[in-house]
1. Within the stretch 1-24, can you find the residues that are assigned to a helix (DSSP H, G or I) and within 13 Å of Ser43 (Cβ to Cβ)?
2. Take the stretch 116-161 and flag every residue that is out of contact with any strand residue (DSSP E or B) (no Cβ under 9 Å at 6 or more places or on another chain), acidic (Asp, Glu) and buried (at least 19 other Cβ atoms within 10 Å of the Cβ).
3. If a residue must be over 18 Å from Tyr59 (Cβ atoms) and loosely packed, with under 14 Cβ neighbours inside 10 Å, how many such residues does the stretch 11-27 contain?
4. Residue check: is Gly31 over 16 Å from the mean Cα position of the chain (by Cα) and assigned by TED's automatic domain parsing to the domain that holds Met133?
5. Can you pull out the residues in the stretch 74-126 that are free of Cβ contacts under 8 Å to residues at least 12 places away in the same chain and within 23 Å of Val159 (Cβ to Cβ)?
Amino acid sequence: MILNKIILFIIYFMIWALLSWPIDTQHVIAGVIVSAVVTGLTSYLFIRRPQNFRQIKRYFWFLVYAAALSWEFLKANVDMALRVLDTRPRVNPGMIRVKTVLRSDTAITFLANSITLMPGVFFVDLDAENGVMHVHCLDIGSGGAAAAIGKIENIIKRVFE
């Protein structure tokens, strides 16, 4: 059991080191502290429930989620920049209803946060009984937001459900 925690600590520290490159003494000390805390908080996911550690495909789909979300962020930011620079206002704000197939709270939270992080789109409410999300969009006429939400939702479903 302690060996599993040591392995998790090493993995977390390696991720920290890659994200805070270049490495210096200050980053190493902070990385050791943060990695130890995160190992303590999340080790039960991998040690007490080892089936989570064996589901490698979920990690793959999480990487796909990160890449797809980054791509959607890039497209939304470029679109927003073009709208700001355009002399003609191209906005048609309004609410859209998006039917979701996600059922777990974690998956729905990930989708809601992903929606809210995109410029021009904001998650407003969830009707959990009917599986309907209410989303405010800067331009409801383009249909781009609903398409992006659908893509991200399909990937999140493979990660969490």
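The values are calculated or read from the model by the stated rules, or taken from the named source; none is laboratory data. Note that the structure is a prediction, hence the values are computed from the model and not measured. Positions of Cβ are backbone-derived with ideal geometry, glycine not excepted, and every protein chain shown enters the neighbour counts.
1. Ile2, Leu3, Asn4, Lys5, Ile6, Ile7, Leu8, Phe9, Ile10, Ile11, Tyr12
2. none
3. Residues meeting the conditions: 6.
4. The answer is no for Gly31.
5. Leu74, Asp105, Thr109, Asn113, Thr116
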